[in-house]
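Engineer: Pasting in a structure now, in structure tokens, and then I'll have a few things to ask.
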Amino acid sequence: MKRIYLDNAATTPTDSDVFEKIKPYYTEWFGNPDSPHGVGRKAMQAVDDARDRLAALIGANPNETYFTSGGTESDNWAILGGARAKRKEGKTRVVISAIEHHAALYAANTLQAEGFEVAFLPVNAGGRVEMNELERAITPQTGLVALMWANNETGVLQPIEQACTFAHEQGALFFTDAVQAAPYLPIDVKALGVDMLSLSGHKFHGLKGSGALYIKNSVKIEKLVGGGEQERGLRGGTVNVAGVVALSAAYEKTRKEQAQTNAKLQKLSELFRKEISSLKGVTRNGETENALPSILNLRLEGVENTAFLYKMDLRGVCLAAGSACASASVKPSHVLTAMGLTERAAKESVRLSFGKTNTEEEIIEAARLTVQTVNELRQG
């Protein structure tokens, strides 16, 4: 049975060109980049080159670009490190949206337990933060504002440039989780004005376990991972050489193909919706205008998502109910409930996330199986 993979927001297959580029760093130039010998120096050269390339692609300086183990670490470092550093200035309030990735919400809850005042911003029915709510929440005591660029469950985009301006007017740092946005939106950190921005390599055909955090040179944050002097003394641990080479190479290729990929994904999304148009009781969760082309979150009225996903998996279609990081949870999506969906409606919702390797034939077949499965489950 040929599998149809429609869970690209969770992870993507490693690009074949990228895979070829990283092989030498597993078998030949496998040295620790901090070692003084030739093999170590070759590894460090690869790390430096990857940093230079990635920095150029996002409009940063190389010394503002830090490598991490992925989006979860980057989110935690930015939020915990940024807020704790601003506490030294007497700023103990943090503002964060209620629809952030679980990694960001975990960090916010950790700060709350440490005595920080944390404001969780609501969103409207379309999944966007209202600017008047944000402006009201940011006070002179606010040290950090965190707002993800693109939501990982709905694909809805947030107005981060405007939010960043509001934060800076009150002397607060601004961090955006760009993990989902990076594959589909060009990034220029200087134009955006952000103080910190996170990336994860496996979301754009790199390797799992590789990520990055942009930290503006003028921003001082506390370290999260200690134990070594790597990453200019701010992040301990041996650098994942193959991972950062893959991260840089994959993102470089992603940027070159971005416009073409976005057009293809938009077409695939429209095709899927057309092919399931015979189904009644299907609604899209989240705005359609300010959203990524890759993510389609649908409520299938009267169909419990766990049963639907199980049957679709048996038929060879890989889908999700929401974030893969919360897949073991039986709770309804915190993103969808924040948007005003009832618990029942949230549990009737599924996420399709298309990728550049998907074909029209796959989408037509996935749609056919969706119609078949929904009708079967509704009939009991």
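The values are calculated or read from the model by the stated rules, or taken from the named source; none is laboratory data. All figures in this text were calculated on a predicted structure; none of them were measured in a lab. Glycine also receives a Cβ, built like all others from the backbone with ideal geometry; neighbour counts cover every protein chain displayed.
Engineer: Take the residues in segment 329-368 that are free of Cβ contacts under 8 Å to residues at least 60 places away in the same chain and in a helix (DSSP H, G or I), then tell me which one is surrounded by the fewest Cβ atoms within 10 Å (Cβ to Cβ).
Structural biologist: Glu361
Engineer: Continuing with the same structure: Among the listed residues Leu300, Leu314, which satisfies the condition of being buried (at least 20 other Cβ atoms within 10 Å of the Cβ) and either outside the structural domain of Val123 (by TED's automatic domain parsing) or at pLDDT 95 or above (or both)?
Structural biologist: The conditions single out Leu300.
Engineer: All but one of (1) at pLDDT 95 or above; (2) among the polar types (S, T, N, Q); (3) out of contact with any Ser or Thr (no Cβ under 8 Å at 6 or more places or on another chain) hold for Asn132, so report the exception by its number.
Structural biologist: (1)
Engineer: List every residue pair whose Cβ atoms sit under 6 Å apart, with the two residues 6 or more apart in sequence or on different chains, where the first one lies in segment 254-283 and is within 16 Å of Val371 (Cβ to Cβ) and the second, anywhere, is β-branched (Val, Ile, Thr).
Structural biologist: Taking only residues 6 or more apart or on different chains, the pairs are Leu271/Ile363; Phe272/Ile363; Glu275/Ile364; Ile276/Thr370; Ile276/Val371; Leu279/Val371; Leu279/Val374.
Engineer: Moving to a separate point now. Identify the residue in segment 20-47 that is outside any loop (DSSP other than H, G, I, E, B) and touching a helix residue (DSSP H, G or I) at 6+ places or on another chain (Cβ under 8 Å) and, among all such residues, is surrounded by the fewest Cβ atoms within 10 Å (Cβ to Cβ).
Structural biologist: Checking each candidate, the answer is Tyr26.
Engineer: Restricting segment 128-163 to residues that are among the small types (Gly, Ala, Ser) and more than 14 Å from Thr176 (Cα to Cα), which is surrounded by the most Cβ atoms within 10 Å (Cβ to Cβ)?
Structural biologist: Among them, the one singled out is Gly155.
Engineer: Within segment 168-183, count every residue that is touching a residue at least 60 places away in the same chain (Cβ under 8 Å), surrounded by 24 or more Cβ atoms within 10 Å (Cβ to Cβ) and out of contact with any Ser or Thr (no Cβ under 6 Å at 6 or more places or on another chain).
Structural biologist: So the count comes out to 5.
Engineer: Is at least one residue of segment 297-312 assigned to a strand (DSSP E or B) and of a type in the set (A, V, I, L, M, F, W, C)?
Structural biologist: There is at least one residue in segment 297-312 that is assigned to a strand (DSSP E or B) and of a type in the set (A, V, I, L, M, F, W, C).
Engineer: With respect to Lys21, determine if the residue is assigned by TED's automatic domain parsing to the domain that holds Gly236 and under 20 Å from Ser218 (Cα atoms).
Structural biologist: Spelling it out, it is not the case that Lys21 is assigned by TED's automatic domain parsing to the domain that holds Gly236 and under 20 Å from Ser218 (Cα atoms).
Engineer: Is one or more of the residues making up segment 59-76 part of a strand (DSSP E or B), within 18 Å of Ser198 (Cα to Cα), of a type in the set (A, V, I, L, M, F, W, C) and under 19 Å from the mean Cα position of the chain (by Cα)?
Structural biologist: Yes - at least one qualifying residue is present in segment 59-76.
Engineer: For segment 227-238, state whether one or more residues are at pLDDT below 95 and crowded, with 21+ Cβ neighbours inside 10 Å.
Structural biologist: Yes, there is a match, as at least one residue in segment 227-238 is at pLDDT below 95 and crowded, with 21+ Cβ neighbours inside 10 Å.
Engineer: Something else: Could you tell me how many of the residues in segment 107-125 are closer than 26 Å to Lys203 by Cβ and buried (at least 17 other Cβ atoms within 10 Å of the Cβ)?
Structural biologist: Number satisfying all stated conditions: 6.
Engineer: For residues that are part of a loop (DSSP other than H, G, I, E, B) and within 16 Å of the chain's Cα centre (by Cα), scanning just segment 195-232, find the one that is nearest to Leu292 (Cα to Cα).
Structural biologist: His205
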